[in-house]
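Before any comments, here is the structure.
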């Protein structure tokens, strides 16, 4: 299954962060994915293959072209 995600999307991962939040914001997209915890602000960089495996769902897609 090919999951489509973009910068600024809020995603839910399989495991929650130790701070207790399970929502992450995508801040870099490439060979590695950089995500930021929406609870404490911790930034984690993981390989794309692990990110795609651990991604459960996209909670909120970034709104583009909204004025």
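With respect to the conditions (1) at pLDDT 90 or above; (2) assigned to a loop (DSSP other than H, G, I, E, B), residue 24 falls short on a single one, namely (2). When the range 14-67 is filtered for residues that are farther than 19 Å from residue 4 by Cβ and in contact with a helix residue (DSSP H, G or I) (Cβ under 8 Å, 6 or more places away or on another chain), only 15 remains. Consider the range 42-65 and keep the residues that are under 14 Å from residue 8 (Cα atoms) and not in a strand (DSSP E or B). The one that is modelled with the lowest pLDDT is 65.
The values are calculated or read from the model by the stated rules, or taken from the named source; none is laboratory data. Worth saying up front: this structure is predicted, and the values here are computed from it rather than measured. Reconstructed Cβ throughout: ideal geometry from the backbone, glycine too, with neighbour counts over all protein chains shown.
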